[in-house]
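Peer 1: Just passing along the structure, written as structure tokens.
No value in this document is a laboratory result; all are computed from the given coordinates. It should be emphasised that the depicted structure is a prediction, and the values quoted were computed from it without experimental measurement. No Cβ is skipped: glycine too gets one built from the backbone with ideal geometry, and neighbour counts run over all protein chains shown.
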Amino acid sequence: MTATAKAIHAANIAARAASDKLAENIIALDVTEPLPLTDIFVLASGRNERQVASIADEIEAQMLEEGIKTLRREGKSQARWVLLDFGDVICHIMHEEDRMFYSIERLWKDCPVIKLDVVSASE
């Protein structure tokens, strides 16, 4: 089973929003096979806490514009690793140091990468 078209569309909205705030290393992973609770993880990095919070705010705003509501939000107060749960899509916005430390891509390395419509600031 693979991510739904609806989830891929939502992931692209989130990725564009992150890109608008100059997020780096934006990727999307199809986690439907090992994780039945969601379809896609969108990962993005910010250089500092202010940028991480700004990226998270922009993702929430653009998703809401498209009628996609945030179901859960974690980590916003510290802005080192903000998790936004939209149901089919979960966004991980991380300080670049934390992203390197936790290495989420390595943990989910068996999951296919979804091609996104945006290019992140680091590419």
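Peer 1: Whether any residue in region 66-80 is exposed (fewer than 13 other Cβ atoms within 10 Å of the Cβ), touching a Phe, Trp or Tyr at 6+ places or on another chain (Cβ under 7 Å) and not in a helix (DSSP H, G or I) is what I want to check.
Peer 2: yes
Peer 1: Scanning for something assigned to a loop (DSSP other than H, G, I, E, B), among the charged types (D, E, K, R) and within 12 Å of the chain's Cα centre (by Cα), does region 87-107 turn up at least one residue?
Peer 2: There is at least one residue in region 87-107 that is assigned to a loop (DSSP other than H, G, I, E, B), among the charged types (D, E, K, R) and within 12 Å of the chain's Cα centre (by Cα).
Peer 1: Quick one: which of LEU29, LEU64, LEU37 is free of Cβ contacts under 8 Å to residues at least 12 places away in the same chain and under 17 Å from ALA3 (Cβ atoms)? Full working, then the answer.
Peer 2: Values: LEU29 fails: free of Cβ contacts under 8 Å to residues at least 12 places away in the same chain; LEU64 fails: under 17 Å from ALA3 (Cβ atoms).
Answer to the selection: LEU37.
Peer 1: With respect to ALA53, determine if the residue is farther than 17 Å from ASN12 by Cβ, assigned to a helix (DSSP H, G or I) and small (Gly, Ala, Ser).
Peer 2: It is true that ALA53 is farther than 17 Å from ASN12 by Cβ, assigned to a helix (DSSP H, G or I) and small (Gly, Ala, Ser).
Peer 1: Something else: Counting only residues that are touching a residue at least 60 places away in the same chain (Cβ under 8 Å) and outside any loop (DSSP other than H, G, I, E, B), how many does region 1-26 have? Walk me through it before giving the result.
Peer 2: Initial filter on region 1-26 (touching a residue at least 60 places away in the same chain (Cβ under 8 Å)): 2-4, 6-8, 10-12, 14-16, 18-19, 22-26.
Those left that are additionally outside any loop (DSSP other than H, G, I, E, B): 6-8, 10-12, 14-16, 18-19, 24-26.
So the answer is 14.
Peer 1: Sticking with this structure for a sec: Residues that are at positive phi and without any contact (Cβ under 8 Å) to a residue 60 or more places away in the chain: does region 87-98 have at least one?
Peer 2: Looking for residues that are at positive phi and without any contact (Cβ under 8 Å) to a residue 60 or more places away in the chain, one finds at least one in region 87-98, hence yes.
Peer 1: Given ARG80, ARG99, which one is touching a His at 6+ places or on another chain (Cβ under 6 Å) and closer than 17 Å to ILE26 by Cα?
Peer 2: Exactly one of ARG80, ARG99 is touching a His at 6+ places or on another chain (Cβ under 6 Å) and closer than 17 Å to ILE26 by Cα, namely ARG80.
Peer 1: Of everything in region 30-65, what is buried (at least 24 other Cβ atoms within 10 Å of the Cβ) and hydrophobic (A, V, I, L, M, F, W, C)? Give them in sequence order. Steps first, answer last, please.
Peer 2: Pass one, region 30-65, residues buried (at least 24 other Cβ atoms within 10 Å of the Cβ): 39-40, 42, 44-46, 52, 55-56, 59.
ILE40, VAL42, ALA44, VAL52, ILE55, ALA56, ILE59 - these are the residues of region 30-65 that are buried (at least 24 other Cβ atoms within 10 Å of the Cβ) and hydrophobic (A, V, I, L, M, F, W, C).
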